[in-house]
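The structure appears below as structure tokens.
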Amino acid sequence: MTTIPAIALKNVHLTLGEGAGQVHILKGIDLVIGKSTSVGLVGPSGSGKSTLLMVMAGLERADEGSVVVAGSELGGLSEDQLALFRGRNVGIIFQSFHLVPNMTALENVAVPLELAGDADAFKKAQAELEAVGLGKRLHHYPAQMSGGEQQRVAVARALVVEPEILIADEPTGNLDDSTGAQIVDLMFSAQRDRKTTLVLVTHDPALAEKCDRVIRVRSGEIEETTQNLAAAQEQVTA
């Protein structure tokens, strides 16, 4: 039986900008990521790794090539269909949290479930916040929370839909080392326990090395991909 990958990209190109300002960001990307694995995307600033992540999340459309995520070809979906697809299949964690400032932690986490019409949105949101250690901060607003707490809310929001794919773009970039380490532990524990596929962009080599696989991107192309046997073995025995 053929195993369907979590993510499969074939000859993916993406150009941003117009006229003389056009930049060819992604240049013929071929990439297959297996289910329930963790992958770190690394490379210099401007290499295209964050753009590649956004293509996988359906937040950027490829100009050319095939993008299949969680069994769906994203190129043929309308904007509304893409939004529905993300809501059901992809959890996204950004560097700058992206919380709604006039919503409490509970309301922020419940949003994707409410949009999906889930009658148990707030019950599930509360359970997810308790799972990330914020059971006593349910009714606090982002401005009343530390950066680490805000990122925990963002992690809870990403996980509450039980996504097949978890996308993280520099998830510890705005946090101190200790707080960042806690967020990393949360993400990898969730990835292992829920058998989610985790794809993250990072400038931190130590964080990348926690992944089963490290993919180096340079000038819009995949320069190198390496398997982290120690991380893979830990995944098997966890």
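The values are calculated or read from the model by the stated rules, or taken from the named source; none is laboratory data. Keep in mind that this is a model prediction, so the values were computed, not measured. When we count neighbours, we look across all protein chains shown, and the Cβ atoms used for this are built from the backbone with ideal geometry, even at glycine. Heavy atoms of the whole protein, side chains included, go into the accessibility calculation; ligands, DNA and RNA do not. Shrake-Rupley method; radii C 1.70, N 1.55, O 1.52, S 1.80 Å.
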Given the conditions (1) assigned to a loop (DSSP other than H, G, I, E, B); (2) among the aliphatic types (A, V, I, L, M); (3) surrounded by 15 or more Cβ atoms within 10 Å (Cβ to Cβ); (4) out of contact with any Phe, Trp or Tyr (no Cβ under 8 Å at 6 or more places or on another chain), and given that A119 satisfies all but one, which numbered condition is not satisfied?
-> (3)
Just one listed residue, out of E73, E64, E60, is among the charged types (D, E, K, R), within 30 Å of G28 (Cα to Cα), under 19 Å from the mean Cα position of the chain (by Cα) and surrounded by fewer than 16 Cβ atoms within 10 Å (Cβ to Cβ), and it is E73
Is it true that some residue in the range 24-47 is surrounded by fewer than 20 Cβ atoms within 10 Å (Cβ to Cβ), in a strand (DSSP E or B) and of a type in the set (S, T, N, Q)?
-> no
Kindly check whether there is at least one residue in the range 133-143 that is open to solvent by 40 Å² or more (accessible area, probe 1.4 Å) and within 16 Å of V201 (Cα to Cα).
-> no
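Being at pLDDT 90 or above and closer than 26 Å to R88 by Cβ is true for just one of A168, A143. Which residue is that?
Values: A143 fails: closer than 26 Å to R88 by Cβ.
One residue alone meets the criteria, A168.
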Cβ pairs under 7 Å, 6+ apart, first in the range 125-152 and more than 23 Å from G173 (Cβ to Cβ), second open to solvent by 70 Å² or more (accessible area, probe 1.4 Å) and of a type outside the set (K, R) = L138/Q126
Among residues of the range 122-133, those that are of a type in the set (A, V, I, L, M, F, W, C) and either more than 20 Å from R152 (Cα to Cα) or not in a helix (DSSP H, G or I) (or both), counted | 1
Hey, A116 without any contact (Cβ under 8 Å) to a residue 24 or more places away in the chain and under 23 Å from Q81 (Cα atoms) or not | no
Give the residues of the range 188-210 that are touching a residue at least 60 places away in the same chain (Cβ under 8 Å) and either over 10 Å from the mean Cα position of the chain (by Cα) or open to solvent by 30 Å² or more (accessible area, probe 1.4 Å) (or both), sorted by residue number.
-> F188, Q191, K195, T196, T202, H203, P205, L207, A208, E209, K210
Number of positions in the range 100-116 that are assigned to a loop (DSSP other than H, G, I, E, B) and at pLDDT below 95 = 1
Filter result (in contact with a Lys or Arg (Cβ under 8 Å, 6 or more places away or on another chain), assigned to a helix (DSSP H, G or I) and of a type in the set (G, A, S)) within the range 177-231 | A231
The range 83-112, residues that are touching a helix residue (DSSP H, G or I) at 6+ places or on another chain (Cβ under 7 Å), of a type outside the set (F, W, Y) and crowded, with 19+ Cβ neighbours inside 10 Å = R86, V90, G91, I92, I93, L99, A105, L106, N108, V109, A110, P112
